[in-house]
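Values quoted throughout were computed directly from the atomic coordinates according to the rules given, and no laboratory measurement underlies them. This one's a predicted model, so the numbers in the text were calculated from it and none came from an experiment.
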Amino acid sequence: MNEQESKPSGSNPKETNSKQARLFIISAPSGGGKTTLSKALLNRFNDILYSVSYTTRPPRKGERNGVDYYFTQKKDFEKKIESGHWAEWAEVHGNYYGTSAGFIDRGLASGRDILLDIDVQGTLKILENYPDSVTIFIMPPSLETLRKRLEMRRTESRGTIKRRLLTAEKEMVQKDLYRYVIVNDQLPVSIETLIAIIEKYRYPNKPEKCLK
Ligand code: ADP
Ligand code: 5GP
């Protein structure tokens, strides 16, 4: 685990409530393992809310509306940009992705921690308004491993994989903007590392696990 000092920026930070409900933000290049790790985390902490993002990209095989994403039309998404619906939004790989501001504010107000799986642009935007957010970047062991994992997932065409790998290189350069970086090599180790980070914030009095 690599802890780094986060440098939140921006003015007018929103207050979190007295129970210190927090946002945990996970980012990774496509295929880096954030879905797998997020699922493991939510299994371990079933009281953490998951912020289901909205996207204009078509669903992949097996993805469910309202569970993996809210799949939405470009026109509707753009209307919601104008009405200030999004806590953050970004264009990623040619599609829109966004986080509902209402969901985040209601969740925090009710004292619930929330997990967000968003990209680097979105993370920086969220940090402007929620500077206490705990940010975690998941790195693949190498670009070659990332390519293999994307191919093995069998959800993307060759062209899409190529595009995602190009974006991955740009995203990985920005890992130092995050408070923690986990190199996702052995999955069980990555899951334990992630859980240990979250526990550090949720149970500050619990002795920290010794991680290699
Ligand atoms: P993301 O959500 O970041 O796009 P996924 O969680 O879908 O990535 O992971 C991409 C693929 O890699 C999936 O098929 C997943 O099962 C696999 N995977 C994730 N982490 C590991 C790991 N540590 N070792 C081997 N395979 C992994
Ligand atoms: P995918 O299409 O592979 O599910 O996601 C592509 C990228 O979009 C990933 O980097 C993912 O983290 C990011 N993403 C998913 N939801 C959001 C969101 O609500 N906001 C932003 N900014 N990025 C998102």
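Would you mind checking which residues have amide H under 5 Å from residue 135's amide H? H placed 1.01 Å from N; only 5 or more apart, or other chain.
Correct list: 25, 179, 180.
Specify the inter-centroid distance of region 58-110 and region 132-164, based on alpha-carbon positions, in whole Å.
21 Å
Give the long-range amide H neighbours of residue 28: residues separated by 5 or more places, or on another chain, with amide H under 5 Å away, using H modelled in the peptide plane at 1.01 Å from N.
The list, which skips near neighbours in sequence, is 138.
Filter the DSSP H helices in the chain by two things, a Kyte-Doolittle mean of at least 0.0 and an axial alpha-carbon span of 18 angstrom or more, and list the hits by number.
Once both thresholds are applied, what remains is 187-202.
Rounded to the nearest 500, what is the chain's calculated 222 nm mean residue ellipticity when only DSSP H runs of at least 4 contribute -39500 (n - 2.57) each, over all residues?
-11500 deg cm²/dmol, from helical runs alone.
If amide H atoms are built 1.01 Å from N in the plane of the peptide, which residues on other chains or at least 5 residues away come under 5 Å of the amide H of residue 50?
Long-range HN contacts for residue 50: 115.
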